[in-house]
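**Q** Dropping the structure in here first, questions after.
The values are calculated or read from the model by the stated rules, or taken from the named source; none is laboratory data. The shown structure was predicted, so the numbers you read here are calculated from the model rather than taken from an experiment. As a convention, Cβ positions derive from the backbone with ideal geometry for all residues, glycine included, and neighbour counts pool all protein chains shown. Note: areas computed on protein heavy atoms with side chains; ligands, DNA, RNA excluded. Shrake-Rupley method; radii C 1.70, N 1.55, O 1.52, S 1.80 Å.
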Amino acid sequence: MRIETDLKLGFKDVLIRPKRSNLRSRSQVVLERTYSFLHSRRQWSGIPVIAANMDTIGTFEVAEVLAEHGLLSAIHKHYSLDEWDAFLNGRDDAIYQRIMVSTGSSDADFAKLGLILAKHPKLEFICIDVANGYTESFVEFVRKARATYGDKTIVAGNVVTGEMVEELLLSGADMVKVGIGPGSVCTTRVKAGVGYPQLSAIIECADAAHGLRGRIIADGGCACPGDVAKAFGAGADFVMLGGMFAGHDESGGQVLERCGQQFKLFYGMSSSTAMDKHAGGVAEYRASEGKTVEVPYRGPIADTVRDILGGVRSACTYVGASSLKELTKCTTFIRVQEQENRSLS
Ligand code: 5GP
C-alpha cells in the first residue's frame, strides 16, 4: 500500500481569479473551436459541449436542439437501427458534426455499432464508453475499433490519469473521456471507494493528451455553468454534461407530478433503474453504481444551453480571453474554502 499526498482538487475547491481585460462585452467572446483529430485526421468546428450518452440525456430530441446551437450530443447506445434510420432520414449532412454514436465494449455492442455505421457511413464520431477504462480488454477494444474504422473520430473512456490517457491515445483514440466518480448520479466513490477529484484529473489528463496531440473530454461533476468554465479553464477540450441537461422537455422520460410540482426521472447508466430497463436487472456479482433521482422539470433545454454558454462567456470576459481557445492560458485558479453565498437560499 502507498499513499500519495499531493493535493488533488475538485471544482468546489477553486475559483477563477479575475484579471484586467480590454474586452467590452461578453458578446465579443467566441466560443466556437476548431479541432483536428490525431488519428481520424478529421476537422471539427463548433461549441465543445457534449450531452452525455445517458438514455435520458443523449436523446435524438436533445441532439436536435443542441445541434442548432453548435453543440454535440453523444447519442445513447440503446436506440435501435430503425430509430437511427428514422432520425437521420432526410436530414442535412451538418448533423454528422453534431452527434456521436455510443457503444460499450462487448461483442454485441461492436456488432450493433457495425450495423449502424454500415447503414449510415457519414457518422463521424464513435464514443466507446465503459465505467472503467483501465482494463486490458478495453484497450484491445479501442485497438479493434481503430483498425476497423480508420477514418472515424474515436472517443474512449473513462479514465482519470495521464498514463492511461496516453495508452488510449496510442491505441487509437482521438479523444479520451476523463472522469471517474464525479457524476451527479454516480455512486462509484461510495460503492467502490474509487475516484479522482475532477479538476485535478482534467489538468493532469489534458497535459498528457496535449503532449501527444490528443484531446480530452471532461466528463461529469459540472453542477453549474461556473463548473463548465472551470473545466475549460483547467484544459478540457470538450465538456460533457449529464445532470445539467436533465429534466427538460427534450430529455427522456415522463414528467411526474408530485404535490403540484413537476419532476422528471434521471438516473445513472449503471443504476438499478437503467439495468432493469436495459439488462433485465443488476447482475448478481455487481453493485449498482448509479442513483435514480427526480429532478424538477425545467422546460425547454435551449434556455439552459443559453445559460451555460452565457456563464462561459462571462468567465472569458473576467480573465480577458476573447475566445474559448484562450481561456486556459488566461486562467489562474485560486484555492478557496467557500463558493456561493447560500444565506438566502
Ligand atoms: P454529470 O454531468 O451528471 O455530473 O455526469 C455525467 C456523467 O456521469 C456521464 O457522462 C457518465 O460518465 C457518468 N455516469 C452516468 N451514469 C453513471 C452511473 O450509473 N454510474 C457512474 N459511476 N457514473 C455514471
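**Q** Would you mention how many residues in segment 234-285 are in contact with a His (Cβ under 8 Å, 6 or more places away or on another chain), away from the ligand (no atom under 14 Å from the Cβ) and open to solvent by 10 Å² or more (accessible area, probe 1.4 Å)?
**A** 0
**Q** Filtering segment 103-119 down to residues that are open to solvent by 40 Å² or more (accessible area, probe 1.4 Å) and in a helix (DSSP H, G or I), which residue is nearest to Tyr79 (Cα to Cα)?
**A** Filtering first and then ranking leaves Lys112.
**Q** Now for a different question. Residue under question is Lys122, and the condition is that it be closer than 26 Å to Ser288 by Cβ and open to solvent by 60 Å² or more (accessible area, probe 1.4 Å); does it hold?
**A** No, not satisfied.
**Q** OK, next. Just the residues that are assigned to a helix (DSSP H, G or I) and of a type in the set (D, E, K, R), please, taken from segment 51-76.
**A** Glu61, Glu64, Glu68
For (1) within 17 Å of Gly233 (Cα to Cα); (2) at pLDDT 95 or above, each residue gets a yes or a no:
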position: Asp6; (1), (2): no, yes
position: Lys12; (1), (2): yes, yes
position: Pro18; (1), (2): yes, yes
position: Ser21; (1), (2): yes, no
position: Val30; (1), (2): yes, yes
position: Gly90; (1), (2): no, no
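**Q** Now for a separate question. Ile308 - would you say it is within 16 Å of the ligand (Cβ to nearest atom) and either open to solvent by 60 Å² or more (accessible area, probe 1.4 Å) or in contact with a His (Cβ under 9 Å, 6 or more places away or on another chain) (or both)?
**A** It is false that Ile308 is within 16 Å of the ligand (Cβ to nearest atom) and either open to solvent by 60 Å² or more (accessible area, probe 1.4 Å) or in contact with a His (Cβ under 9 Å, 6 or more places away or on another chain) (or both).
**Q** Is there a residue being surrounded by fewer than 13 Cβ atoms within 10 Å (Cβ to Cβ) and in contact with a strand residue (DSSP E or B) (Cβ under 9 Å, 6 or more places away or on another chain) anywhere in segment 318-328?
**A** No: segment 318-328 contains no residue that is surrounded by fewer than 13 Cβ atoms within 10 Å (Cβ to Cβ) and in contact with a strand residue (DSSP E or B) (Cβ under 9 Å, 6 or more places away or on another chain).
**Q** Of all residues in segment 286-305, which are within 12 Å of the ligand (Cβ to nearest atom), polar (S, T, N, Q) and surrounded by 17 or more Cβ atoms within 10 Å (Cβ to Cβ)?
**A** Ser288
**Q** Of the residues Ala206, Ala201, only one is under 21 Å from Arg42 (Cβ atoms) and under 16 Å from the mean Cα position of the chain (by Cα); which?
**A** Exactly one of Ala206, Ala201 is under 21 Å from Arg42 (Cβ atoms) and under 16 Å from the mean Cα position of the chain (by Cα), namely Ala206.
**Q** I want to confirm something. Restricting to segment 44-94 and keeping residues that are of a type in the set (S, T, N, Q) and closer than 29 Å to Val30 by Cα, which single residue is most open to solvent (accessible area, probe 1.4 Å)?
**A** For segment 44-94, the residue satisfying everything is Ser45.
**Q** I need the helices (runs of 4 or more DSSP H) fully contained in segment 241-345, keeping only those with at least 1 residues that are modelled with pLDDT of 95 or more and farther than 19 Å from Glu61 by Cα.
**A** Per the criteria, 301-319, 327-330.
**Q** So which residues in segment 208-226 are in a helix (DSSP H, G or I) and surrounded by 24 or more Cβ atoms within 10 Å (Cβ to Cβ), if there are any at all?
**A** Passing the criteria: only Ala209.
**Q** Any residue that is closer than 24 Å to Tyr318 by Cβ and open to solvent by 10 Å² or more (accessible area, probe 1.4 Å) - is there at least one of those in segment 185-193?
**A** No, the conditions are met nowhere in segment 185-193.
**Q** Just one of Thr5, Thr34 is in contact with a strand residue (DSSP E or B) (Cβ under 8 Å, 6 or more places away or on another chain) and either surrounded by fewer than 12 Cβ atoms within 10 Å (Cβ to Cβ) or part of a helix (DSSP H, G or I) (or both); which is it?
**A** On inspection, the qualifying residue turns out to be Thr34.
**Q** Can you pull out the residues in segment 126-155 that are within 16 Å of the ligand (Cβ to nearest atom), open to solvent by less than 10 Å² (accessible area, probe 1.4 Å) and touching a Ser or Thr at 6+ places or on another chain (Cβ under 8 Å)?
**A** Across segment 126-155, the qualifying residues are Ile126, Cys127, Ile128, Phe138.
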